[in-house]
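**Q** Please find one structure pasted underneath; my questions will follow.
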Amino acid sequence: MVAPTPDDEAALNATRAPLMDHLLELRKRLIWAMVSFGVCFVISFAFAAPIFNFLTRPLHMATNHLIYTALTEVFFTQVKIGMFGGICLGFPLIAAQVWMFVAPGLYKHEKHAFLPFLLWTPVMFIMGAGFVYYVMLPFAIEFFGAYQVPETAGAMGIELQAKVSDYLDFVMTLMFAFGLTFQLPVLLSLLGKVGIVTVKALKEMRRYAYVGLFAVAAVFTPPDAISMLSLAVPLVVLYEVSVICVMLIEKQRIKDAAARAASATDVAAST
């Protein structure tokens with residue numbers, strides 16, 4: 001980590017405030033975060049039908065209709081879509097409020113180090129959700145839909161009759177699971193940036209990490225091998241990407257340290 005300069009210390013001391021001021025600022029940021037979520041929830045709920053049609057498009061290859069067995073099921077499904085959209089659309093605004101509350105307590109170099117990772121968080125979440133929608137979900141639907149059996153004279157048929165709420169819960173669970181777990185490179189790179197983890201440690205614990213990633217995949221996905229493997233394999237790949245990212249961070253840290261040492265030597269020689 002880079003040691004703070006006297007100017008950094010002065011800038012941080014200028015932001016110091018009594019505890020009550022911090023609590024008031026926290027309340028303000030929470031209110032704005034809730035307002036952001038509420039506005040995005042209303043917008044998503046208003047467009048719940050098109051969003052649901054988009055989410056059910058991969059299922060259309062296996063069945064041409066959905067069913068619901070409770071009178072209020074469709075309504076509460078649209079409420080879930082509103083909440084899902086409220087969290088996804090409102091995340092940049094909510095994250096901005098978190099940053100505005102935390103940033104004054106960070107040194108300048110810490111802000112520069114942390115901000116890129118904050119910006120990469122929604123990008124990786126979108127990549128995880130996109131992987132579910134465009135890769136994992138069509139494969140899973142095709143695989144499980146193949147167990148339908150046509151009706152014959154000697155045997156009853158087995159037809160897929162997916163429920164509205166069950167399908168939506170399945171899709172949202174996968175999207176949140178993949179979106180959150182795709183943050184692995186962001187998390188490990190941030191820990192590498194602050195010096196908590198190293199490339200050597202990541203390589204030494206690789207075998208244990210793989211076991212842990214498969215366990216995480218088993219917890220976050222529905223109880224079937226296809227869903228678990230669909231998450232576990234990308235997580236293993238992302239772990240290796242994280243190792244490369246931390247390696248690049250360490251190389252850049254060495255270059256920066258060498259540049260500072262050379263600059264200090266030049267200053268000392270000139271004096």
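**Q** Considering only residues that are of a type in the set (A, V, I, L, M, F, W, C) and part of a loop (DSSP other than H, G, I, E, B), look in region 56-66 and name the one that is surrounded by the fewest Cβ atoms within 10 Å (Cβ to Cβ). Let's see the steps before the verdict.
**A** To start, the set of residues in region 56-66 that are of a type in the set (A, V, I, L, M, F, W, C) comprises 59, 61-62, 66.
Within this subset, residues satisfying the condition of being part of a loop (DSSP other than H, G, I, E, B) are 62, 66.
Numbers: ALA62: 16, LEU66: 20.
The qualifying residue surrounded by the fewest Cβ atoms within 10 Å (Cβ to Cβ) is ALA62.
**Q** Which numbered condition in (1) in contact (Cβ under 8 Å) with a residue 60 or more places away in the chain; (2) farther than 26 Å from LYS28 by Cβ; (3) in a helix (DSSP H, G or I) is the only one that THR69 fails?
**A** (3)
**Q** Select from region 41-55 the residues that are part of a helix (DSSP H, G or I) and under 24 Å from TYR134 (Cα atoms) and list them in ascending order.
**A** The first filter runs over region 41-55 and keeps only residues part of a helix (DSSP H, G or I), leaving 41-46, 48-55.
If the condition is that a residue be part of a helix (DSSP H, G or I) and under 24 Å from TYR134 (Cα atoms), then SER44, PHE45, ALA48, ALA49, PRO50, ILE51, PHE52, ASN53, PHE54, LEU55 are the ones that fit.
**Q** Give MET83, MET100, MET136, MET124 a once-over and let me know the one that is assigned to a helix (DSSP H, G or I), touching a residue at least 24 places away in the same chain (Cβ under 8 Å) and within 14 Å of the chain's Cα centre (by Cα). Step through it out loud before you land on a result.
**A** On the way: MET83 fails: within 14 Å of the chain's Cα centre (by Cα); MET100 fails: within 14 Å of the chain's Cα centre (by Cα); MET136 fails: within 14 Å of the chain's Cα centre (by Cα).
Of MET83, MET100, MET136, MET124, the one residue that is assigned to a helix (DSSP H, G or I), touching a residue at least 24 places away in the same chain (Cβ under 8 Å) and within 14 Å of the chain's Cα centre (by Cα) is MET124.
**Q** Quick one: which residue in VAL186, VAL164 is closer than 30 Å to ILE67 by Cα, surrounded by 15 or more Cβ atoms within 10 Å (Cβ to Cβ) and at pLDDT 85 or above?
**A** Values: VAL186 fails: closer than 30 Å to ILE67 by Cα.
Testing whether each residue is closer than 30 Å to ILE67 by Cα, surrounded by 15 or more Cβ atoms within 10 Å (Cβ to Cβ) and at pLDDT 85 or above leaves just VAL164.
**Q** Is it the case that region 241-254 has a residue that's among the acidic types (Asp, Glu), out of contact with any Ser or Thr (no Cβ under 6 Å at 6 or more places or on another chain), farther than 21 Å from TYR134 by Cβ and in a helix (DSSP H, G or I)? Write out each step before concluding.
**A** Pass one, region 241-254, residues among the acidic types (Asp, Glu): 250.
In the following step, the residues that additionally are out of contact with any Ser or Thr (no Cβ under 6 Å at 6 or more places or on another chain) were identified as 250.
Now narrow it down to the ones that are farther than 21 Å from TYR134 by Cβ: 250.
Next cut, in a helix (DSSP H, G or I) only: 250.
Yes: region 241-254 contains one or more residues that are among the acidic types (Asp, Glu), out of contact with any Ser or Thr (no Cβ under 6 Å at 6 or more places or on another chain), farther than 21 Å from TYR134 by Cβ and in a helix (DSSP H, G or I).
**Q** Then there is this: Of everything in region 67-108, what is loosely packed, with under 15 Cβ neighbours inside 10 Å and polar (S, T, N, Q)? Give them in sequence order.
**A** Those that are loosely packed, with under 15 Cβ neighbours inside 10 Å and polar (S, T, N, Q): THR69, THR72.
**Q** Right, another one. So how many residues does region 28-60 have that are without any contact (Cβ under 8 Å) to a residue 24 or more places away in the chain, more than 22 Å from the chain's Cα centre (by Cα) and within 16 Å of TYR167 (Cα to Cα)?
**A** 4
**Q** Follow-up question, since we're still on this one. Which numbered condition trips up ALA129, out of (1) of a type in the set (A, V, I, L, M); (2) within 17 Å of PRO234 (Cα to Cα); (3) in contact with a Ser or Thr (Cβ under 7 Å, 6 or more places away or on another chain)?
**A** Failed condition: (3).
So that you can scan it fast, the table gives a plain yes or no per residue for (1) more than 17 Å from GLU250 (Cβ to Cβ); (2) not in a helix (DSSP H, G or I):
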{"position": "TYR167", "(1), (2)": "yes, no"}
{"position": "PHE170", "(1), (2)": "yes, no"}
{"position": "LEU174", "(1), (2)": "yes, no"}
{"position": "ALA177", "(1), (2)": "yes, no"}
{"position": "LEU187", "(1), (2)": "no, no"}
{"position": "LEU191", "(1), (2)": "no, no"}
{"position": "ILE196", "(1), (2)": "no, yes"}
{"position": "LEU202", "(1), (2)": "no, no"}
{"position": "VAL211", "(1), (2)": "yes, no"}
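**Q** Among the residues of region 78-120, which ones are of a type outside the set (A, V, I, L, M, F, W, C) and closer than 22 Å to LEU180 by Cβ?
**A** Answer for region 78-120, where residues must be of a type outside the set (A, V, I, L, M, F, W, C) and closer than 22 Å to LEU180 by Cβ: LYS80, GLY82, GLY85, GLY86, GLY90, PRO92, GLN97, PRO116.
The values are calculated or read from the model by the stated rules, or taken from the named source; none is laboratory data. Here the structure is a predicted model, which means the values were calculated and not measured. No Cβ is skipped: glycine too gets one built from the backbone with ideal geometry, and neighbour counts run over all protein chains shown.
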